[in-house]
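First the structure, in the form of structure tokens, and then the observations on it.
The values are calculated or read from the model by the stated rules, or taken from the named source; none is laboratory data. Keep in mind that what you see is a predicted model, and the values were worked out from it rather than measured. Here the Cβ positions follow ideal geometry from the backbone for every residue, glycine too, while neighbour counts run over all protein chains shown. Surface areas here come from the heavy atoms of the whole protein model, side chains and all, with no ligands, DNA or RNA. Shrake-Rupley method; radii C 1.70, N 1.55, O 1.52, S 1.80 Å.
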Amino acid sequence: MLHLTKVAYGAQSLDEVLGWWANRGPTARLNTRYKPKRADEIIGGSMFWILKHQLIARTEILDFEEAENGRTNIVVDTNIIRVRPIPRRAHQGWRYLDAKDAPPDLNFGGDTRDLPPELQDELVALGLI
């Protein structure tokens with residue numbers, strides 16, 4: 001399985017990234033200049049989002065569609081899944097991410113889902129969740 005990474009450009013917090021997907025329905029389209037050469041390997045993978053130099057969340061990549069002017073839409077599920085934060089430098093556009101290098105999902109369970117993202121991040125950094 002192959003994934004992509006993308007900077008959550010302009011976002012200041014995880015809450016802001018989550019807000020991008022609110023009220024969009026089950027899917028969203030991210031427009032890009034070039035279709036990935038390895039697109040067939042990416043369908044079913046995830047778009048991992050970089051915020052403040054860390055991979056923080058992912059959305060499933062459902063498909064690629066042709067868009068206007070020779071561009072491509074990356075069709076993603078709007079359900080955001082938080083992942084264990086790992087360092088990642090910012091970059092322009094998207095980059096490939098091998099499955100072996102992808103961070104695991106954060107499965108909080110219980111009431112921790114209602115914790116503020118900042119507190120969740122601190123608990124993760126301490127190895128408590």
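Checking each residue in the range 27-41 for being under 15 Å from the mean Cα position of the chain (by Cα) and open to solvent by 90 Å² or more (accessible area, probe 1.4 Å) picks out only ARG29. So which of GLY19, GLY93, GLY44, GLY10 is exposed (fewer than 15 other Cβ atoms within 10 Å of the Cβ) and farther than 30 Å from GLU122 by Cα? It is GLY44. Applying the set (1) more than 18 Å from ASP121 (Cα to Cα); (2) open to solvent by less than 70 Å² (accessible area, probe 1.4 Å); (3) of a type outside the set (Phe, Trp, Tyr) to ILE80 leaves exactly one unmet item: (1). Of the strands (runs of 3 or more DSSP E) lying entirely inside the range 26-129, those carrying at least 1 residues that are modelled with pLDDT under 95 are 27-32, 46-51, 54-66, 81-87, 94-98.
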